[in-house]
1. Of all residues in the stretch 1-55, which are under 20 Å from N189 (Cβ atoms) and either assigned to a helix (DSSP H, G or I) or among the charged types (D, E, K, R) (or both)?
2. Does the stretch 67-103 hold any residues that are assigned to a loop (DSSP other than H, G, I, E, B), modelled with pLDDT of 95 or more and open to solvent by 30 Å² or more (accessible area, probe 1.4 Å), and which are they?
3. Are any of the residues in the stretch 213-222 β-branched (V, I, T) and either part of a loop (DSSP other than H, G, I, E, B) or over 25 Å from L21 (Cα atoms) (or both)?
4. Could you list, ordered by first residue, the pairs with Cβ atoms under 9 Å in which the first is in the stretch 18-38 and touching a residue at least 12 places away in the same chain (Cβ under 8 Å) and over 24 Å from T55 (Cα atoms) and the second is assigned to a strand (DSSP E or B) and of a type in the set (S, T, N, Q), at least 6 apart or interchain?
5. Taking the stretch 133-173 as the search range and keeping residues that are within 22 Å of S186 (Cα to Cα), hydrophobic (A, V, I, L, M, F, W, C) and in a loop (DSSP other than H, G, I, E, B), which one is least open to solvent (accessible area, probe 1.4 Å)?
6. Determine which single condition L49 fails, assuming it passes every other condition in (1) of a type in the set (A, V, I, L, M, F, W, C); (2) touching a residue at least 60 places away in the same chain (Cβ under 8 Å); (3) surrounded by fewer than 24 Cβ atoms within 10 Å (Cβ to Cβ).
7. Inspect the stretch 104-114 for any residue being surrounded by fewer than 17 Cβ atoms within 10 Å (Cβ to Cβ) and either polar (S, T, N, Q) or at pLDDT 95 or above (or both) and give the result as yes or no.
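The values are calculated or read from the model by the stated rules, or taken from the named source; none is laboratory data. Worth saying up front: this structure is predicted, and the values here are computed from it rather than measured. Cβ coordinates were reconstructed from backbone atoms using ideal geometry, including for glycine residues, and neighbour counts include every protein chain displayed. When the accessible area is computed, the model is the full protein with side chains, heavy atoms only, and any ligands, DNA or RNA have been set aside. Shrake-Rupley method; radii C 1.70, N 1.55, O 1.52, S 1.80 Å.
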Amino acid sequence: MSNVIIVGGHGKVAQLATPLLVEAGHKVTSIIRSADQEETIKQLGSTPLLLDIETSNQDDLAKAFAGQDAVVWAAGAGGGNPDRTYAVDRDAAIASMDAAQGANAMRYIMISYLGASLEHGVDKDNSFFPYAESKALADEHLMDSDLHWTILGPGSLTLEDPSNTIRRVGRMSDDSLGENDSKDTSRANVANAIAAALSSEKSVNNIVDFVDGDTPIEDIFR
């Protein structure tokens, strides 16, 4: 059993992951930004913690992480506003990593995306550029840290039921998607990957990019 805090606890993936972590014996705390979300979090078996990560600083996050063993970053600005994207997906994410290290919450799971890289190739005039740039910079900062990190890079997120099977592709993999291969990735499979990563030493300092596939999630992290 460990103390796990989820940043972005009211998000779709986080809500699916929370009961899995609770069932695995972890004590879960979920950072949320609205008091209206507290009851939902409690029903999932987690303890809500009200904190606006967009406006919080590293000290605020360090206080939130005190006593925690692991941090799961499942937050995101949601696109549409470049300033907010940089504030959340880059600045707050990086601050959370430094805060986690300062609070000795050394296990860190980052939800990134398939294809994240400083060489993402997205044009600056593209509306996706702020997100691509922010996630790449956050991933790089995490990999340069002393944290025991795992980066999960799912493809295009869907609301399909969990298959509990995925295909590992991309970074740190010998497999890559073909032009006509599906990038669909069930959010429920991402949630299961979070739980599997937290219980796996093999996932430490490892990037797992994936889409829905045929390999049991447990086998990926075994």
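1. K12, V13, A14, Q15, L16, A17, T18, P19, L20, L21, V22, E23
2. If the condition is that a residue be assigned to a loop (DSSP other than H, G, I, E, B), modelled with pLDDT of 95 or more and open to solvent by 30 Å² or more (accessible area, probe 1.4 Å), then G67, D69 are the ones that fit.
3. Checked against the condition, which is being β-branched (V, I, T) and either part of a loop (DSSP other than H, G, I, E, B) or over 25 Å from L21 (Cα atoms) (or both), the stretch 213-222 yields no hits at all.
4. T18/S30; H26/N3; K27/N3; K27/T47
5. M172
6. Every condition holds for L49 apart from (2).
7. The answer is yes; a qualifying residue exists.
Residues are listed down the side, and each one gets a yes or a no for (1) modelled with pLDDT of 95 or more; (2) open to solvent by less than 20 Å² (accessible area, probe 1.4 Å); (3) among the basic types (K, R); (4) in a strand (DSSP E or B):
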{"residue": "L177", "(1), (2), (3), (4)": "no, no, no, no"}
{"residue": "S182", "(1), (2), (3), (4)": "yes, no, no, no"}
{"residue": "A191", "(1), (2), (3), (4)": "yes, yes, no, no"}
{"residue": "A196", "(1), (2), (3), (4)": "yes, yes, no, no"}
{"residue": "V208", "(1), (2), (3), (4)": "yes, yes, no, yes"}
{"residue": "V211", "(1), (2), (3), (4)": "yes, yes, no, yes"}
